[in-house]
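Beneath this line is the structure, given in structure tokens, with notes to follow.
The values are calculated or read from the model by the stated rules, or taken from the named source; none is laboratory data. Since the structure is predicted, the reported quantities are computational estimates derived from the model, not experimental observations. Cβ coordinates were reconstructed from backbone atoms using ideal geometry, including for glycine residues, and neighbour counts include every protein chain displayed.
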Amino acid sequence: MGGYEINMRDLGDQAETDGAEIGAVVMGSSREAFRFIDLFAGLGGFHVALTELKGRGVFAAEREPKLKALYKVNFDVEAWGDLNELSGDEAIDFNVPDHQVLTAGFPCQPFSKAGGQLGFKDTSQGNLFFKVHDILRVKRPQYFILENVPNILKHNGGHTKTTIISLLEELGYSVDVEHFSPHDFGIPQVRDRAYFVGSLHGLDHFEWPEKHGDPTEIQWVLRHQAHSTRAIPEQTLRAIDMWGDFLRSSPASLKLPSFPIWSMEFGATYPYVEETPAGIWARRPVRGLSGMGFKGSFGQSLDCSLADQLSRIPSHANRSVDLNFPKWKQNFIRQNREFYQANRQWIDPWISRWNPKGFSSSFQKLEWNAQGEKRDIDNFVLQVRASGLRVKRPTTSPSLIAFTQTQVPILGANLAGERRYITPVECAELQSLGGIQLPSSDIDAYKALGNAVNARVVKAIAERLLKGLLRPVSGIPSDLEPLRAAE
């Protein structure tokens, strides 16, 4: 099998396990370099990384019951539940053991572009950073590593980042922040994350790990004997076939658009610059667009009832509140209409063969992210998104997020022998967590892996930050080399 092993026993140096369970470093023995705690632990990416550096996990917190139970299975640590139940300094001091290193992937949704971006105003999750702050203040560990989405660095005009750093510096920590993606370390996944590091001893000794620009291949993590337990829906397969035919039909001399291809704009002429369908419906409440000579999606007549007009205007243009379209939407509409007019000699037969208006809106759109590649859709990694069917080069996986069932990446037949969803085990390899037990439900596993920290990235940061705690061990490299395909 062409692949590599990036499980927890192959992150850099081979931990001395001597038959012990994963993460079981004997307390007080010569094998324990430091003690750490793992907050918002999830699948335990921090635990995996720091155990590789001979740390011992003495406390963990995970609110989700299934992951809390799984943490016990994987690491033999009984995790605390809701950190909000550690109310007050006395409760923190009593329940949280002394430790040298605090790690926390505190909830990212309040700061994520995909979330509400309420930040600290999110009373359910945004304020959990302050619980981390309380534990740092009470227990005074020498070091910390915090992880979050990169948008936290820009959230609220940069004020959130400044506030976090100021609060941590007030506790006496020297603080620095940087962002990394697994592909910077030779792992075929682009998933940028922000990392805050802190030390009570200053950061003069600390240098961030080097980012590698070497090419990667998703083939490295694929298990070619694997079969997804969930079949790809027939409508999704038909949409892939439809867009595969679109790619084959396009002239080889034609450079495909870098903008999203919105097939519902092919043949459409409804107004979108000076006026919008919603504006016309507002000023002509009886007839709307009827009798004005405009065309809807795929050239459909708009000389019809208001209800039918609504169904014949693309979903991105038919909301009653859209009296003006933003410039980016105007550009996409104009570019797609121009593309269609310049290429209708081969697009019109494609429309006749496939009738794309019979597909849901997300399947009527294509994001071609493989400019210059051979136009065989089964050579690529595919993902169904609200923005369309995304086609990515097989060099990296789409960023692992808390996938819904429809968002799980699909491997083209030429990559995996058949079209199939990438499996949770393969996703675990992308997160450098190949050696742990995953949730039994695939969708629970995808969600947990999408929220996990990448153990290899964490280890690269931690081994530089914790130099004062680590005992010299042969085999821990001064810099992690990019992963390579196995021979």
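Is the stretch 330-345 home to any residue that is within 23 Å of the chain's Cα centre (by Cα) and without any contact (Cβ under 8 Å) to a residue 24 or more places away in the chain? No, there is no match, as no residue in the stretch 330-345 is within 23 Å of the chain's Cα centre (by Cα) and without any contact (Cβ under 8 Å) to a residue 24 or more places away in the chain.
For the stretch 179-228, residues that are surrounded by fewer than 14 Cβ atoms within 10 Å (Cβ to Cβ) and under 23 Å from Pro150 (Cβ atoms) total 6.
When restricted to residues that are among the polar types (S, T, N, Q) and closer than 11 Å to Ala455 by Cβ, the stretch 421-441 contains 2.
So, Asn454, is that one modelled with pLDDT of 90 or more, farther than 27 Å from Glu207 by Cα and of a type outside the set (Asp, Glu) or not? I'd like the intermediate steps shown before the answer.
Numbers: modelled with pLDDT of 90 or more: yes; farther than 27 Å from Glu207 by Cα: no; of a type outside the set (Asp, Glu): yes.
Spelling it out, it is not the case that Asn454 is modelled with pLDDT of 90 or more, farther than 27 Å from Glu207 by Cα and of a type outside the set (Asp, Glu).
Residues that are more than 30 Å from Leu466 (Cα to Cα) and in a loop (DSSP other than H, G, I, E, B) do occur in the stretch 211-220.
In the stretch 246-264, is there at least one residue being more than 23 Å from Leu366 (Cα to Cα), part of a loop (DSSP other than H, G, I, E, B) and of a type in the set (Gly, Ala, Ser)? No, there is no match, as no residue in the stretch 246-264 is more than 23 Å from Leu366 (Cα to Cα), part of a loop (DSSP other than H, G, I, E, B) and of a type in the set (Gly, Ala, Ser). Checked against (1) closer than 23 Å to Pro215 by Cβ; (2) free of Cβ contacts under 8 Å to residues at least 60 places away in the same chain, Leu430 passes all but a single condition, namely (2).
What are the residues in the stretch 309-329 that are without any contact (Cβ under 8 Å) to a residue 40 or more places away in the chain and closer than 21 Å to Phe363 by Cα, if any?
First pass over the stretch 309-329, keeping only residues without any contact (Cβ under 8 Å) to a residue 40 or more places away in the chain: 309-312, 326-328.
Hits for the stretch 309-329 are Gln309, Leu310, Ser311, Arg312, Trp328.
Every residue, every condition in (1) within 30 Å of Gln335 (Cβ to Cβ); (2) without any contact (Cβ under 8 Å) to a residue 60 or more places away in the chain; (3) out of contact with any Pro (no Cβ under 6 Å at 6 or more places or on another chain); (4) not acidic (Asp, Glu), yes or no:
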{"residue": "Val175", "(1), (2), (3), (4)": "no, yes, yes, yes"}
{"residue": "Asp184", "(1), (2), (3), (4)": "no, no, yes, no"}
{"residue": "Arg223", "(1), (2), (3), (4)": "no, no, yes, yes"}
{"residue": "Ser228", "(1), (2), (3), (4)": "no, no, yes, yes"}
{"residue": "Glu234", "(1), (2), (3), (4)": "no, yes, yes, no"}
{"residue": "Phe246", "(1), (2), (3), (4)": "yes, no, yes, yes"}
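Counting only residues that are assigned to a loop (DSSP other than H, G, I, E, B) and either closer than 15 Å to Gly279 by Cα or not charged (D, E, K, R) (or both), the stretch 295-314 holds 7 of them. Report yes if some residue within the stretch 395-406 is in a helix (DSSP H, G or I) and either in contact with a helix residue (DSSP H, G or I) (Cβ under 9 Å, 6 or more places away or on another chain) or surrounded by fewer than 21 Cβ atoms within 10 Å (Cβ to Cβ) (or both); otherwise report no. Yes, the conditions are met somewhere in the stretch 395-406.
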